[in-house]
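Worksheet: one structure, shown below.
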Amino acid sequence: MSDALYETLRRINERPDVYSRYTADALWTSPDISEMMLRYHLDGEVDLASRRTEFIESSFAWISQHFSLGPDTRVVDLGCGPGLYVSRLARTGARVTGVDFSPRSIEYARERAAREGLDVDYRLGDYLALDIEPGYDLATMIMCDYCALSPDQRSALLSRVRELLKPGGAFLFDVYSEAYFETWEEMSAYGEGMMDGFWSAQPYFGFQNTFKYDAEKVVLERYLIVEPDRQTEYFNWFQHYSQASLTAEVEAAGLVVDEIYGNVAGESFDPSLPEFAVVARTPTA
């Protein structure tokens, strides 16, 4: 084996520093990948980009009742994707804003709203930077998107949510549990057209590495995609929480953890399950 090849393989398998790179914007705005992600969003039989349709319906029913949604309420869905929740929430009469930085998802969501005659405000952009007016009763972030953010991004998000919500307003989101962290295993994989052509419409070779960071309770799935004319890396971070660690993080940002559930359908909290959901609120005074 040549020294150059050995060095290339060593670099591919080298453990990055935790949160050293963030590539979610590239993942969700890539024309090829975003097309595949939209397919997963719209496949109601799999839990990939979105939940299964059956769960979304149960979740929507609980959210609309629990937060008393109707014409007098305003909702903002952060990371709304193609509007699977937004379209349902809008049918309650609530005034709903959906925010996402995937042009393909927002285009689909707007076309669906027009077809169904729904009055929805969809906005294309990064919810950490986009200009959004305050005054919302409820903010949502579903599918554990919170756990894909770095600590600095999470801090910025919580501050942003506090600005967007009315006094006493609620932020509903879900996260991965520490029990789920224990199920991950470090691994490496390689393949031509890895994941059935998910990463590019062109021929490619894929290298995948999964790394665990025990002290931080973080997992990284890193993909190196090698095409004839370029190489692209994607870093998918997964933060995991206990009830105590998430409460500390949320309350450090000036929000109050009001309720904890097993998921965003309002089921009972169980620390042994892979996920749990939180309702945090802004102070009333």
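See the values below:
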quantity: Hz values of 3J(HN,Hα) by residue in the stretch 257-263 - Karplus curve (6.51, -1.76, 1.60), Gly and Pro given as x; calculated: 6, 9, 8, 10, 10, x, 6
quantity: Gain in span if fully extended, T284 to R11, counting 0.36 nm per residue against the direct Cα distance; calculated: 93.2 nm
quantity: 5 angstrom amide H check on G169, placed H, neighbours 5+ away; calculated: T282
quantity: Fraction of antiparallel bridges per DSSP, the chain only, in percent to nearest 5; calculated: 65
quantity: Volume per residue that the Cα convex hull of the stretch 1-123 spans, once the total is divided by residue count, Å³; calculated: 146
quantity: If the convex hull is drawn through the Cα atoms of the chain, its volume per residue in Å³; calculated: 136
quantity: Calculated [θ] (222 nm, deg cm²/dmol) that DSSP helices of n ≥ 4 give over the chain, each run adding -39,500 (n - 2.57); calculated: -9500 deg cm²/dmol
quantity: Value in Å of the Kirkwood radius, where the stretch 219-264 supplies the Cα pairs that are averaged; calculated: 13.9
quantity: Cut-off under 5 Å, modelled amide H: who pairs with A94 long-range; calculated: G70
quantity: 3J(HN,Hα) from dihedral phi, the stretch 128-143, Karplus parametrisation 6.51/-1.76/1.60, rounded to Hz, x for glycine, proline; calculated: 7, 10, 5, 6, 10, 6, x, x, 8, 7, 9, 10, 10, 8, 10, 5
quantity: Relative contact order of the stretch 53-106, defined on C-alpha pairs under 8 angstrom at six or more residues apart (%); calculated: 37
quantity: Per-pair calculated FRET efficiency, R0 = 45 Å: D3 and E163 via Cβ, rounded to 0.05; calculated: 0.25
quantity: Theoretical gain in end-to-end length, E182 to S268 [0.36 nm per residue, Cα-Cα removed]; calculated: 28.8 nm
quantity: GNM result for the chain, Cα springs below 10 Å: residue of D47, D152, D32 fluctuating most strongly; calculated: D152
quantity: Amide H contacts under 5 Å for R15, placed H, 5+ residues apart; calculated: none
quantity: Approximate spin-label separation S68-Y190, in nm, with each point projected 7 Å along Cα-to-Cβ; calculated: 6.1
quantity: Accessible-area composition of the stretch 61-123, carbon plus sulfur, in percent [1.4 Å probe]; calculated: 45
quantity: Whole-Å semi-axes of the stretch 96-251's equivalent ellipsoid (Cα gyration tensor); calculated: 31, 25, 12
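The values are calculated or read from the model by the stated rules, or taken from the named source; none is laboratory data. Everything numeric here is computed off the predicted structure, so don't read it as measured data. Cβ coordinates were reconstructed from backbone atoms using ideal geometry, including for glycine residues, and neighbour counts include every protein chain displayed. Surface areas here come from the heavy atoms of the whole protein model, side chains and all, with no ligands, DNA or RNA. Shrake-Rupley method; radii C 1.70, N 1.55, O 1.52, S 1.80 Å.
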